[in-house]
1. May I ask you to list the residues in segment 24-59 that are under 16 Å from the mean Cα position of the chain (by Cα) and exposed (fewer than 15 other Cβ atoms within 10 Å of the Cβ)?
2. Please count how many residues of segment 103-116 are at pLDDT 75 or above and either open to solvent by 70 Å² or more (accessible area, probe 1.4 Å) or among the aromatic types (Phe, Trp, Tyr) (or both).
3. Check Ser154, Ser100, Ser120 and return the single one that is closer than 30 Å to Gly45 by Cα and modelled with pLDDT under 90.
4. If I go through segment 142-167 residue by residue, how many of them are open to solvent by less than 60 Å² (accessible area, probe 1.4 Å) and acidic (Asp, Glu)?
5. Is there any pair with a first residue in segment 69-98 that is under 21 Å from Thr58 (Cα atoms) and a second that is assigned to a helix (DSSP H, G or I) and open to solvent by 40 Å² or more (accessible area, probe 1.4 Å) whose Cβ atoms are under 7 Å apart and which are 6 or more apart or on different chains, and what are they?
6. Going by the structure shown, is Phe88 at pLDDT below 90 and not acidic (Asp, Glu)?
7. Taking only pairs six or more apart or across chains, which ones have beta-carbon atoms under 6 Å, a first residue in segment 45-65 that is in contact (Cβ under 8 Å) with a residue 60 or more places away in the chain, and a second residue that is assigned to a helix (DSSP H, G or I)?
8. Condition first: under 25 Å from Asp147 (Cα atoms) and of a type outside the set (S, T, N, Q). Can you find one or more residues in segment 74-81 that meet it?
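The values are calculated or read from the model by the stated rules, or taken from the named source; none is laboratory data. Computed from a predicted structure; not experimentally measured. Note that we place each Cβ from the backbone using ideal geometry, even for glycine, and neighbour counts take in every protein chain shown. Side chains included, ligands, DNA and RNA excluded: accessible areas come from the protein's heavy atoms. Shrake-Rupley method; radii C 1.70, N 1.55, O 1.52, S 1.80 Å.
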Amino acid sequence: MTNDTLERRVRLSMADLPSDLLAAIGDVTVGWGYVQNLMDVATWGMLGLTVKVGNSLTAPFTYRGKMDMFKYVGREFFSNRPELLADFKALAAAIGNTYSRRNEVEHSTWQHYGPHNEPSVSVRIPRDGSIKPQFKMAKDVNSLAQDIIKLVMSLNDFMEKHIPPPRNNPSDASAG
């Protein structure tokens, strides 16, 4: 099969997906970007780094590496404040649980058959090579997007109350 034929098939397949499903998948993707960004910023703040140095530290890591760093730094940062440590651990656990659900949406191959209000099929092949078909309506994916937005708000609120922002880059002071 040529690249042109494959591209045409992929485009036709995507065209069959209802627009509300495509929008919900996009909301999950964009929302998750905020989660990862806030995790980075929180880590930089807990370490007392500048944005520039913090970004150079975390940029090369995948989600798992960033999550490990976020958890380890947070545990140390809140070690003398057990009431906040418990809240931090609960927040980190919520991020981890949401990540698994996010993967179900973002790392699936989607197909839609039938009328607009019928289920779409998302097929995911886990690491063991099995095929795991799932049925998702746009409302189901949108529910996850709403959960991600709530997570972003919770993480942002926690950071504003308990984590210092990253320091300004030294060049920022002279830029004013």
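1. Gly26, Thr29, Val30, Gly33, Asn37, Ala59
2. If we filter segment 103-116 for residues that are at pLDDT 75 or above, which is where we start, we get 103-110.
Right, trim to either open to solvent by 70 Å² or more (accessible area, probe 1.4 Å) or among the aromatic types (Phe, Trp, Tyr) (or both) and you get 107, 109-110.
Of the residues in that region, 3 qualify.
3. On the way: Ser154 fails: modelled with pLDDT under 90; Ser120 fails: closer than 30 Å to Gly45 by Cα.
The conditions single out Ser100.
4. 1
5. Val73/Leu47; Leu91/Ser154; Ala92/Lys71; Thr98/Asp147
6. Numbers: at pLDDT below 90: no; not acidic (Asp, Glu): yes.
Against the criterion (at pLDDT below 90 and not acidic (Asp, Glu)), Phe88 does not qualify.
7. Met46/Val73; Met46/Phe77; Gly54/Trp44
8. Here is the first cut: in segment 74-81, the residues under 25 Å from Asp147 (Cα atoms) are 74-75.
Cutting the leftovers down to of a type outside the set (S, T, N, Q) gives us 74-75.
Yes, there is a match, as at least one residue in segment 74-81 is under 25 Å from Asp147 (Cα atoms) and of a type outside the set (S, T, N, Q).
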